[in-house]
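Trainee: First the structure, then my questions, so here it is.
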Amino acid sequence: MENVGIKEQMERIYRDIPLDKIPWNMATPPEILVTAVTANIARTCKVIEMGCGAGNYVIIFSRMGYDCTGMDISEHAIRLARISASAAGADCGFVVADVTGDLSEWASTFDFAYDWELLHHVFPEDREKYVDNVHRLLHTGGRYLSVCFSEDSPQFGGSGKYRKTPLGTVLYFSSEKEMESLFRKRFVICELKTVDIKGKSGTHKAIYAFMKKR
């Protein structure tokens, strides 16, 4: 199934929908994400969030002392992120880029990369390119956290790998086996599990993978 027009979809969402109505736009990072970062990543590390949206988590981690950058395909989202960062007095950077595109200029730049519920927007045919990009962004031994919807989650119909959301986007729901197969080519998988994540509209199941660059 082709994920048509993801950039156009995201531009429309961030342009036309108030941030507090966007389902994934959370003011503060989930506890499991904060724990993964603070327990494993030194405050001197350079951190990048792939698919940062309006930049809430980048801003918070920046204010905690991390050297943070956010990347997103949506120009509207990055514009909002920069405005919020300025208002918060946060020293962080944001860049408009397709996470599955050419990111060669960023090679070996970061100590830690994470995507929080981004990967279900990336369909299987683009996932190896995406993971290659994350691998290239990291220093040797760099860490990577990925969290995405599990196929066991009841959201949006509760069955099927591809599910359409009320916003008109289509998401791909993954299994632990798929994630292990995808990541193990480039990373040592330190932890892979299904977890419950609290969102705006309730709790859902997600696959949590914490890794180290080979």
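Trainee: Does any residue in segment 129-153 that is on the phi > 0 side of the Ramachandran plot come within less than 8 Å, Cβ to Cβ, of a residue that is modelled with pLDDT of 95 or more six or more places away or on a different chain, and which pairs are these?
Mentor: GLY141/LYS212; GLY141/LYS213
Trainee: Also: Please determine, by comparing only the residues of segment 123-155 that are of a type in the set (A, V, I, L, M) and in contact with a Lys or Arg (Cβ under 7 Å, 6 or more places away or on another chain), which one is surrounded by the most Cβ atoms within 10 Å (Cβ to Cβ). Spell out the reasoning first.
Mentor: Step one: list which residues in segment 123-155 are of a type in the set (A, V, I, L, M), which gives 131, 134, 137-138, 145, 147.
So of that shortlist, the ones also in contact with a Lys or Arg (Cβ under 7 Å, 6 or more places away or on another chain) come out as 131, 138.
On the way: VAL131: 21, LEU138: 25.
The selected residue is LEU138.
Trainee: Could you tell me whether segment 73-83 includes any residue that is within 23 Å of TYR172 (Cα to Cα), touching a residue at least 12 places away in the same chain (Cβ under 8 Å), of a type in the set (Lys, Arg) and open to solvent by 20 Å² or more (accessible area, probe 1.4 Å)?
Mentor: no
Trainee: Let me spell it out: the conditions are (1) open to solvent by less than 60 Å² (accessible area, probe 1.4 Å); (2) modelled with pLDDT of 95 or more, and GLY89 meets all of them except one. Which number is the exception?
Mentor: With respect to (1) open to solvent by less than 60 Å² (accessible area, probe 1.4 Å); (2) modelled with pLDDT of 95 or more, GLY89 is out only on (1).
Trainee: Tell me the strands (runs of 3 or more DSSP E) entirely within segment 156-214 that contain at least 1 residues that are open to solvent by 30 Å² or more (accessible area, probe 1.4 Å) and not acidic (Asp, Glu).
Mentor: 162-164, 187-199, 202-213
Trainee: For ASN25, which of the numbered conditions (1) without any contact (Cβ under 8 Å) to a residue 60 or more places away in the chain; (2) of a type in the set (S, T, N, Q); (3) surrounded by fewer than 16 Cβ atoms within 10 Å (Cβ to Cβ) fails to hold?
Mentor: Just one mismatch for ASN25, condition (3).
Trainee: Let me ask something else about it. Based on what the data block shows, is THR44 touching an Asp or Glu at 6+ places or on another chain (Cβ under 8 Å) and open to solvent by 70 Å² or more (accessible area, probe 1.4 Å)?
Mentor: So THR44 passes the test.
Trainee: Run down ILE83, ILE22, ILE73 and say which single residue is farther than 25 Å from THR140 by Cα, among the β-branched types (Val, Ile, Thr) and within 14 Å of the chain's Cα centre (by Cα).
Mentor: Of ILE83, ILE22, ILE73, the one residue that is farther than 25 Å from THR140 by Cα, among the β-branched types (Val, Ile, Thr) and within 14 Å of the chain's Cα centre (by Cα) is ILE73.
Trainee: Also, I was wondering about something else. Considering only residues that are among the aliphatic types (A, V, I, L, M) and modelled with pLDDT of 95 or more, look in segment 1-25 and name the one that is farthest from ASP72 (Cα to Cα).
Mentor: At the first step, the residues of segment 1-25 found to be among the aliphatic types (A, V, I, L, M) are 1, 4, 6, 10, 13, 17, 19, 22.
Cutting the leftovers down to modelled with pLDDT of 95 or more gives us 10, 13, 17, 19, 22.
Working: MET10: 9, ILE13: 13, ILE17: 17, LEU19: 15, ILE22: 15 Å.
It comes out as ILE17.
Trainee: Any residue that is in contact (Cβ under 8 Å) with a residue 12 or more places away in the chain, in contact with a His (Cβ under 6 Å, 6 or more places away or on another chain) and closer than 25 Å to ILE32 by Cβ - is there at least one of those in segment 171-181?
Mentor: Yes; the residues of segment 171-181 include at least one that is in contact (Cβ under 8 Å) with a residue 12 or more places away in the chain, in contact with a His (Cβ under 6 Å, 6 or more places away or on another chain) and closer than 25 Å to ILE32 by Cβ.
The values are calculated or read from the model by the stated rules, or taken from the named source; none is laboratory data. Note that the structure is predicted; figures quoted are calculated from it, not measured. Glycine gets a Cβ as well: all are built from the backbone with ideal geometry, and neighbour counts include every protein chain shown. Protein only, heavy atoms only, side chains kept; ligands, DNA and RNA dropped before computing areas. Shrake-Rupley method; radii C 1.70, N 1.55, O 1.52, S 1.80 Å.
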